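Accompanying notes for the structure given below.
The values are calculated or read from the model by the stated rules, or taken from the named source; none is laboratory data. All of these numbers come straight from a predicted model, not from anything done at the bench. Because the Cβ atoms are built from the backbone with ideal geometry, glycine has one as well, and the counts that use them run over all protein chains shown. Note: areas computed on protein heavy atoms with side chains; ligands, DNA, RNA excluded. Shrake-Rupley method; radii C 1.70, N 1.55, O 1.52, S 1.80 Å.
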Amino acid sequence: MFTLSHIPFIISIALYLVSSTWSIGHIIKSDIFNKKVARWSTIMGFLIHSGYLAFLGINSNSIPITNVYESFVSLLWCVLFVFINIDYLYKLPSLDTFLMPLVSALSIWALTFDKRDMFITVSLQKFWLIAHIIPIFIGYAAFTISFSLSVMYLTQQRQLKHKLFGRLFSKLPSLEGIDNLIWKTISFGFPLLTLGLVFGTFWVKTQNILGEMWYLDSKVILGLATWLIYAALLHMRLVASFHGTKIALLTIAGFCFVLFTFIGTFFIGSKHAFQKVSKNVTHIEILGESKLHYSHL
Amino acid sequence: MSILVVGLNHKSAPVDVREKLAFNNNSVSNALSVFTQKYPSSEAVILSTCNRVEIYASSASDAVKLEDILSFLAEFHKIEKDAFSQYMYHYKDDRAVTHLFHVSSSIDSMVIGESQILSQVKEAYTLASMEQSTGKILNQLFQQALNLSKTIHTNTSIGQGKVSISSVAVEFAEKIFQDFTGKMVLVVGAGEMCELLLKHLYEEGARTIIVANRTFERAQAIADAFQGQAIKYELLGEYLSKADIIITSTSAPHYVIHTDQVKDAIKHRRGNPIFLIDIAVPRDIEPGVGNIDNVYLYNIDDLQTVVNQNIDDRTREIEKCRAIIEKEVEHFMARLEQIKIEPAITLLRNSFHTIGKDELNRLKPKLKNINDEEWNQVVYTMERTLNKLLHHPAKVAKQEARNGGGYRYVETIKKLFGIFHHHPDDSNK
């Protein structure tokens, strides 16, 4: 259920929806839908989102990832943070048209996760947690942008192939420009993902938080699969100098793994990170050095 | 006071007539100084482009007429009036204003929506200003025309979409490649269209240009023109995988680039796209090439379709432009009426103040004991009274002028107060 504390995030979502509508509308009727409205809605939404994140952090006295909802809100903040910087640095036209609807949809999805639904299963405020989570989140954010870029690439490629020279065609940048930025975002995200996974491995080994068979945990396996996909992508580009459609398709596949690793594992069950609190389970074990127990309700 | 335009364009006259009447920058300056010497109280601007020659003139009480401009053109270019007069059009006042607005907004151009005409109108006006052949009316008219043209290009799609085969091809290339520096352009064949396309690509930064042609000398000539390299036709296959952009325009009756060759090339290129433009008829590139991943093939019909579509889009915008122009003409004509009565109002004001001064001069000797401060107060009161008396009629006349009736009011006041000086038009410059 929504509470008063959801309101700032709902306002951010509303602004992201305005941004999505205006960035799409700008392609269809640029005289009615001013691009500036889209840009400022994104920035305003991001600022409110940032304030909300700070509020959540102060409330939980930690980085705001104490439940799935907070975690999702934090990840989306990272996506916007990376997007605003990329937009400022590269000024690639129409990237927001492809990214903001995705951000809006994911934000609405995030709202459906009740704050009390799933809780973190590890003790917070640990160096390892921050070292593990932050690089991975920023890496995931970069992969989200590369996903939007890949959809953009395939859209423009389809238009060129099928000779569809409408308004969208004229508003989208060159294939080469998109391809270069896909490559840049992946090569920015991959080292961060690697760093996060290495820290995570150290953490799990040194403090034994997932048990002896930690490597069989679904999130660990999916995380590794995600890493392998992006490693393959980098290999294709760096060693075999691959470009074009295949890279775009593989980037989309990579993002599906990111999404599944991040959210899917909550549904298929994983000891890692979060656990669903059902009526049958009245408490969950908080993993970590202190072996605290967190009682629900 | 009137505005007159006399001219001819691509629609009214064939090129051999247009070229006889054309001016270059030097001859425009000469012509303007000759014209203003002949008609000192009139203003003039000469607009001469590839597609049109027009003289805009504004004069008091129709001092310059159609016949005068025709005679002037005949004399200046030393040709018979009959040789061109049948091709000339002429418009007066609001129709002349409408015509200039159509011209500067490029809806009267051969290529509707082209942007070159704006700079040509600007240049014509600047030249005339430098020659001091413009005055209050034409300054106002041309400045408004230039502003209006910008407004129209911003608020309508009249200038959007490329309307030539080569610019459309370059636009497509820009949607595949971020820039052309470091990209290899391979030209197969040596048609005129090829050269035009190369010129566009070269202007956009393409510097690695390879030309292959059955006649090596012809390939060499084109390569030299673009600092490129000519290769023997037999070596074409070797360059297919290296080239980013391939343009073909041979007269071969069969395909010269086959699907298998391009499949091999794209394998070597590891997904780096190839952009192929086939402007030959019959076609040079096997159509199956277009189905290969990361290969983009366009033939002359594909490009022409886009050109036609863009022309249609621009043509559809003309009505929107006309509506904007119509409103702007109304504004201009209203402003023109105001400009017309300004000298009359000044005359009226001067006349009242002269009467006032005369009366003060008559009064002063009679007031012997008055000090300077008191006298200044009397002068101030007189001026203030006159200004107050004139304020309302001047305001009403200016307001009425917007509907074209202001002049009548001023004339009535002048008649009532017995002011019969020179015609107000005389001081319009």
(request) Return the sequence-ordered ³J(HN,Hα) values of the stretch B:129-134 in whole Hz as given by the Karplus equation 6.51 cos²θ - 1.76 cosθ + 1.60 applied to θ = phi - 60°, using x for Gly and Pro. (result) 5, 5, 7, 6, 9, 10
(request) Considering only DSSP beta bridges where both residues belong to chain B, give the percentage that are antiparallel (nearest 5). (result) 45
(request) Can you sort B:Ile69, A:Ile108, B:Ile266, B:Ile324 by 1.4 Å-probe accessible area, starting with the largest? (result) A:Ile108, B:Ile324, B:Ile266, B:Ile69
(request) Distance from a point 7 Å along Cα→Cβ of B:Lys263 to each backbone N in the stretch B:269-299: keep the residues under 20 Å and list them by number. (result) B:269-276, B:284-298
(request) Calculate the translational D of the stretch B:165-293 in whole µm² s⁻¹ from Stokes-Einstein, where the hydrodynamic radius comes from the Kirkwood formula applied to all Cα pairs, the temperature is 4 °C and the viscosity 1.567 mPa s. (result) 90
(message) How high is the relative contact order of the stretch B:334-427? Use alpha-carbon pairs under 8 Å, at least six apart in sequence, and give a whole percent.
(response) 54
(request) Post the alpha-carbon centroid distance, the stretch A:31-73 to the stretch A:226-261, in whole angstrom. (result) 28
(request) Determine the distance separating the Cα centre of the stretch B:319-383 from the Cα centre of the stretch B:120-193; give it in Å without decimals. (result) 45
(request) Evaluate the distance, in nm, between pseudo-label points positioned 7 Å from the Cα of A:Phe81 and of A:Arg39 along their respective Cα→Cβ axes. (result) 2.3
(request) Please give, to one decimal in nm, the separation of the simple spin-label points placed at B:Asn30 and A:Phe55, each 7 Å out from Cα toward the Cβ. (result) 7.9
(message) Could you compute the net charge surrounding B:Val34? Neighbours are other residues with a C-beta less than 11 Å from the C-beta of B:Val34; K and R count +1, D and E count -1.
(response) -1
(message) Given the DSSP H assignment, sum -39500 (n - 2.57) over each helix run of at least 4 residues in the protein assembly as shown and divide by its residue total; what's the result at 222 nm in deg cm²/dmol, nearest 500?
(response) -20500 deg cm²/dmol
(message) Give me the mean projected area, in nm² to one decimal, of the convex hull enclosing the Cα positions of the stretch B:1-87.
(response) 5.0
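Rounded to two decimals, what is Rg over Rh for the stretch B:334-427 when you use alpha-carbon atoms and the Kirkwood radius?
Details: Rg = 16.1 Å, Rh = 14.6 Å.
Here the Rg-to-Rh quotient is 1.10.
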(message) Straight-line reach only, C-alpha to C-alpha below 22 angstrom: list the lysines that B:Lys368 could link to, leaving out same-chain residues fewer than 8 apart.
(response) B:Lys357
(request) Express in nm, to one decimal, how much length is gained between B:Thr151 and B:Leu196 on full extension, taking 0.36 nm for each residue of separation and deducting their alpha carbon distance. (result) 13.0 nm
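Probe radius 1.4 Å, ligands and nucleic acids left out: can you give me the accessible area buried at the B-A interface, summed over both chains, in Å² to the nearest hundred?
1900
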(request) Evaluate the Debye formula for chain B with equal point scatterers sitting on the alpha carbons, no solvent, and hand back log10 of I(q)/I(0) at q = 0.06, 0.14 Å⁻¹, in q order, two decimals. (result) -0.45, -1.16
(request) List every residue whose amide H lies under 5 Å from the amide H of B:Val187, counting only residues 5 or more places away in sequence or on a different chain, with H placed 1.01 Å from N in the peptide plane. (result) B:Ile210, B:Val211, B:Ala212, B:Ile247
(message) How large is the accessible surface of B:Lys320 in square angstrom, using a 1.4 angstrom probe and rounding to the nearest 10?
(response) 100
(message) Along each principal axis of its Cα atoms, how long is the stretch B:267-351 end to end? Whole angstroms, biggest number first, please.
(response) 91, 26, 19
(message) In whole Hz and in residue order, list the ³J(HN,Hα) couplings for the stretch B:14-25 that follow from phi through the Karplus curve 6.51 cos²θ - 1.76 cosθ + 1.60, θ = phi - 60°; x for Gly and Pro.
(response) x, 4, 5, 7, 4, 5, 6, 9, 5, 10, 9, 4
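Return the carbon/sulfur percentage of the accessible area of the stretch A:1-108, one whole number, probe 1.4 Å, all protein chains in place.
Exposed carbon and sulfur together represent 75 percent of the surface.
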(message) Checking the table B:Lys327/B:Lys388; B:Lys150/B:Lys414; B:Lys199/B:Lys263; B:Lys11/B:Lys65; B:Lys11/B:Lys162 against a 32 Å threshold on Cα-Cα, which pairs fail?
(response) B:Lys327/B:Lys388; B:Lys150/B:Lys414
(request) Could you tell me which of rounded, prolate or oblate describes the stretch B:2-155, using a ≥ b ≥ c as the square roots of the eigenvalues of the alpha-carbon gyration tensor, with rounded for a/c under 1.5 and, failing that, prolate when a/b is larger than b/c and oblate otherwise? (result) oblate
(request) Anything losing 50 Å² or more of accessible area from the isolated chain to the full protein assembly: pick those residues out of the stretch B:157-177, probe 1.4 Å, ligands and DNA/RNA ignored. (result) B:Lys175
(request) Could you pull out which residues in the stretch B:195-218 have an amide N less than 11 Å from a spot 7 Å beyond the Cα of B:Glu234, following the Cα-Cβ vector? (result) none
(message) Could you put B:His99, B:His77, A:His235 in order of accessible surface area, largest first, with the 1.4 Å probe and the full protein assembly present?
(response) A:His235, B:His77, B:His99
(request) Between B:Tyr89 and B:His392, take the C-beta separation as r, use R0 = 35 Å, and let me know the FRET efficiency to the nearest 0.05. (result) 0.20
(message) How large is log10 of I(q)/I(0) for the protein assembly as shown at q = 0.05, 0.11 Å⁻¹ when the intensity is taken from the Debye formula with one equal scatterer per alpha-carbon?
(response) -0.46, -1.14
(request) Could you order peptides B:89-98, A:251-260 by the average number of other Cβ atoms within 10 Å of their residues, highest first? (result) A:251-260, B:89-98
(request) Describe numerically, in nm with one decimal, the distance between label points set 7 Å from Cα along Cα→Cβ at A:Leu111 and at B:Gln132. (result) 7.2
(message) Give me the percent of accessible area attributable to carbon and sulfur for chain B, probe 1.4 angstrom.
(response) 50
(message) As a test question: what accessible area, to the nearest 10 Å², does A:Asp217 have when a 1.4 Å probe is rolled over all protein chains in place?
(response) 20
(request) Multiply the residue gap between B:Glu114 and B:Gln140 by 0.36 nm, knock off their C-alpha separation, and tell me the result in nm, one decimal place. (result) 7.0 nm
(message) Can you list the residues in the stretch A:143-163 whose accessible area drops by at least 30 Å² when all protein chains are present, compared with the chain alone? Use a 1.4 Å probe, heavy atoms only.
(response) A:Leu160, A:Lys161, A:Lys163
(request) Enter the accessible area per residue of the protein assembly as shown (Å², integer; probe 1.4 Å; all protein chains in place). (result) 48
(request) Please give the residues of the stretch B:155-192, grouped as numeric ranges, whose backbone N is less than 18 Å from a label point set 7 Å along the Cα-to-Cβ vector of B:Asp312. (result) B:157-165, B:168
(request) Provide the per-residue ³J(HN,Hα) series for the stretch A:133-150, in order, calculated from phi with Karplus coefficients 6.51, -1.76, 1.60 and θ = phi - 60°, each as a whole number of Hz, with x at glycine and proline positions. (result) 6, 4, x, 5, 4, 5, x, 4, 4, 4, 5, 5, 5, 5, 5, 4, 5, 5
